[in-house]
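Enquirer: First the structure, then my questions, so here it is.
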Amino acid sequence: MHRVETDRRDGIVVISAGGELDAFAAPDLSAAFASDESARGLVVDLDSVSFLDSTALGVVVRELRRAAERGCAARVVLPRGPARRIFEITTLDRALPVAAGLPQALAALTPAS
């Protein structure tokens, strides 16, 4: 079972996912990224993900690269527990623009007033 939701907050698209993200969930994840390509910021909140396979991970990495290519700043909130391990093994936890949590990710992408 998985969940993928999209929300927009002040020009920032927030994609929140939970549960098991595998090849079956990958189309839902891809659709969420396609929801608004005009955003100035993107947060991928994986905090509630319990399992992540290479197919879903590939979607996340590909879409973060696309966002960067169009000048969209992004942050990723990594999963807790065993699902985080795939990021550590691949060293993506050091290569991706990560944030400790959703509030920190939003703060990093919100211009100072």
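Enquirer: Failed condition for V14, given (1) within 16 Å of R66 (Cβ to Cβ); (2) in contact with a strand residue (DSSP E or B) (Cβ under 7 Å, 6 or more places away or on another chain), with all others met?
Expert: V14 satisfies all of (1) within 16 Å of R66 (Cβ to Cβ); (2) in contact with a strand residue (DSSP E or B) (Cβ under 7 Å, 6 or more places away or on another chain) except (1).
Enquirer: Those residues that are within 17 Å of A17 (Cα to Cα) and either at pLDDT 95 or above or touching a helix residue (DSSP H, G or I) at 6+ places or on another chain (Cβ under 9 Å) (or both), I need them from the stretch 65-95; list them, please.
Expert: If the condition is that a residue be within 17 Å of A17 (Cα to Cα) and either at pLDDT 95 or above or touching a helix residue (DSSP H, G or I) at 6+ places or on another chain (Cβ under 9 Å) (or both), then A74, R75, V76, V77, L78, P79, R84, I86, F87 are the ones that fit.
Enquirer: Report yes if some residue within the stretch 33-54 is part of a helix (DSSP H, G or I), modelled with pLDDT under 95 and surrounded by 14 or more Cβ atoms within 10 Å (Cβ to Cβ); otherwise report no.
Expert: Yes, there is a match, as at least one residue in the stretch 33-54 is part of a helix (DSSP H, G or I), modelled with pLDDT under 95 and surrounded by 14 or more Cβ atoms within 10 Å (Cβ to Cβ).
Enquirer: Sticking with this structure for a sec: Can you pull out every residue in the stretch 71-113 that is free of Cβ contacts under 8 Å to residues at least 24 places away in the same chain and on the phi > 0 side of the Ramachandran plot?
Expert: G71, T91
The values are calculated or read from the model by the stated rules, or taken from the named source; none is laboratory data. As the structure is a computational prediction, the values presented were derived from the model and not from experiment. Glycine gets a Cβ as well: all are built from the backbone with ideal geometry, and neighbour counts include every protein chain shown.
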